[in-house]
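The values are calculated or read from the model by the stated rules, or taken from the named source; none is laboratory data. Small disclaimer: the values here were computed from a predicted structure and weren't measured. Quick reminder, even Gly has a Cβ in these numbers, built from the backbone with ideal geometry, and neighbours come from all protein chains shown.
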Amino acid sequence: MRRGPRAERADMPYVLICFASGAGDGSERLLHVVVFFIPSCQMKTSCLTFLFTAISVVSNLENEAGSFAVDDIQKDILKQVGFALRAGVDPVTIVTELEGIKPLSGGNSRRGVVYAGEEMLPPATTVGLYRALLVRKDELYKWTDDGTMATNVWQDFWKYYSVEFTSERNANEKSAGTTTSWMAIPVGDIDKGPDDATWWEQGPISDDRLEEALASLNAKVLVDWRRLAAGDKGQFYLFNSHIINEPSAGEGVAMDGELLREEEKENIGHLHGSGCSDGLTYCGAVFEAKTSRNIHPGEQLLWCYGKEYARNYPVAQMCLVDDAT
């Protein structure tokens, strides 16, 4: 995986803080934590001031007298980064609540994906994967008509998580300039953890696996973003790209005429991957989320879902004209 040259981050300030754990008798053990602050972020929802393991985290810190108690959000970030480093995830990303900076267990705030490495990511870097049940749109309509997909499951849930793609399915379509529409649905697994067997596999899906997928579809189960996939250079990626948010719209104007919040900018290009083989109306698919520009540590990953996406929130203007095909 390519990394940005170290010179590019030479002016990024960071502070190394060592918190002692022990009884004060000289037997203290240290929890090493790095605090990164990116000045350009200015604490907008697209950026975080966050904690990150630097060298080692004491494995058996207990909440006793003299020990350091980390709050929920810091614990969650440390846990995710520690796991990613041990598992060989590259680049390291975390999933966290962004509005109000609440822990993952909190409610009424949106999750997002944040880059948590220590070097600037260059354009065209894969940062995560979007795992999907890819279904041709006319086939999806049949599922809703014949009861394969339960009533209102699409309208109430999946249309807000799915992404539409178009493709030239065969030579006739290519010559005629016509396209086929597909829906990529991030269907997970019922009552299974990130290391358990899954119905999903890339390519054709057997009848048994499809039955499992449809059960999860009707139960409204999303892909577990903690699942890992191996890359082609020995690194691993997380299946977390279905959690990447769209850029937010700007917000209001202050008395001095300045914007209260600037419109966010997309930093992930369109998802990259291939569709189903000819003759298939559904299959297992995976798409790569690739950076479209340099991304600094602490930046939230953002991409536009396309102008046809069924959103119910304000979004950056660029997403209203972007076709995301």
* Where residues in the range 121-146 are touching a residue at least 12 places away in the same chain (Cβ under 8 Å) and polar (S, T, N, Q), which of them is surrounded by the most Cβ atoms within 10 Å (Cβ to Cβ)? -> T125
* List every residue pair whose Cβ atoms sit under 6 Å apart, with the two residues 6 or more apart in sequence or on different chains, where the first one lies in the range 188-208 and is free of Cβ contacts under 8 Å to residues at least 40 places away in the same chain and within 19 Å of H242 (Cα to Cα) and the second, anywhere, is crowded, with 16+ Cβ neighbours inside 10 Å and among the polar types (S, T, N, Q). => G188/S216; D189/T198; D189/S216; I190/S216
* Structure fact -> Scanning the range 211-252 residue by residue, those under 19 Å from F83 (Cα atoms) and assigned to a strand (DSSP E or B) turn out to be L228, A229, A230, F236, Y237, L238
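Looking at this structure, is A324 at pLDDT below 80 and buried (at least 18 other Cβ atoms within 10 Å of the Cβ)? Quick ask: steps written out before the conclusion?
Details: at pLDDT below 80: yes; buried (at least 18 other Cβ atoms within 10 Å of the Cβ): yes.
When the stated conditions are applied, A324 passes them.
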* To do: Quick one: which residue in A289, A285 is farther than 22 Å from T96 by Cβ, in a strand (DSSP E or B) and at pLDDT 85 or above?
  => A285
* Taking the range 166-217 only, how many residues are modelled with pLDDT of 95 or more, buried (at least 19 other Cβ atoms within 10 Å of the Cβ) and either farther than 14 Å from A132 by Cβ or aromatic (F, W, Y) (or both)? -> 3
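Taking the range 183-210, which residues are of a type outside the set (F, W, Y), in a loop (DSSP other than H, G, I, E, B) and under 26 Å from Y305 (Cβ atoms)?
Scanning the range 183-210 gives P186, G188, D189, I190, P194, T198, E201, Q202, I205.
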* Any chance you could count how many residues in the range 278-298 are over 16 Å from the mean Cα position of the chain (by Cα) and aliphatic (A, V, I, L, M)? => 2
* Asked: Any idea how many residues of the range 147-167 are in contact (Cβ under 8 Å) with a residue 12 or more places away in the chain, assigned to a loop (DSSP other than H, G, I, E, B) and of a type in the set (G, A, S)?
  -> 2
